[in-house]
1. Project the alpha carbons of region 11-65 onto their principal axes and report the range along each, largest first, in whole Å.
2. Tell me, which longest segment in the chain has none of the trypsin sites (Lys or Arg not before Pro) that fall in DSSP loops with at most 10 further Cβ atoms within 10 Å?
3. Which Cα, out of L19, A45, A65, lies furthest along the positive dipole direction of the chain (beta carbon charges, K/R +1, D/E -1)?
4. Where in region 39-69 is the amide nitrogen less than 20 Å from a point lying 7 Å along the Cα-to-Cβ axis of S8?
5. In degrees between 0 and 90, to the nearest 10, how far off the longest principal axis of the chain does helix 34-65 point, with axes built from Cα atoms?
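Just so you know, all these numbers are worked out from the coordinates, no wet-lab data involved. Because the structure is predicted, anything quoted here is derived from the model rather than measured. A quick note on method: Cβ atoms are made from the backbone with ideal geometry, for glycine too, and the neighbour counts reach across all protein chains shown.
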Amino acid sequence: MAVAGKRSYLDTPGYLAFLAVVAFWAAASSGSPLYVRVLAGITAALAAGHLAMTLVRRRRDRRTASGGG
């Protein structure tokens, strides 16, 4: 049995969700300059997209491992 390497916490769904929330919060902040809000919005969108891809990949891997379709 092979032992899987320890995964960085930066690659976990919880961290991605936290990153997306913080970035959306910064993007919605009216006290931030426009360029900060734009970059935060882009970061939030990318984090949310990566989170969705990670969750779909995880679900697909679990389905494959259980022998279902």
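1. 48, 14, 14
2. Longest run free of exposed loop sites: 8-69.
3. Among L19, A45, A65, the one farthest towards the positive end of the dipole of the chain is A65.
4. Inside the label zone: 43-55, 57-58.
5. Taking Cα atoms only, the helix is inclined about 10 degrees.
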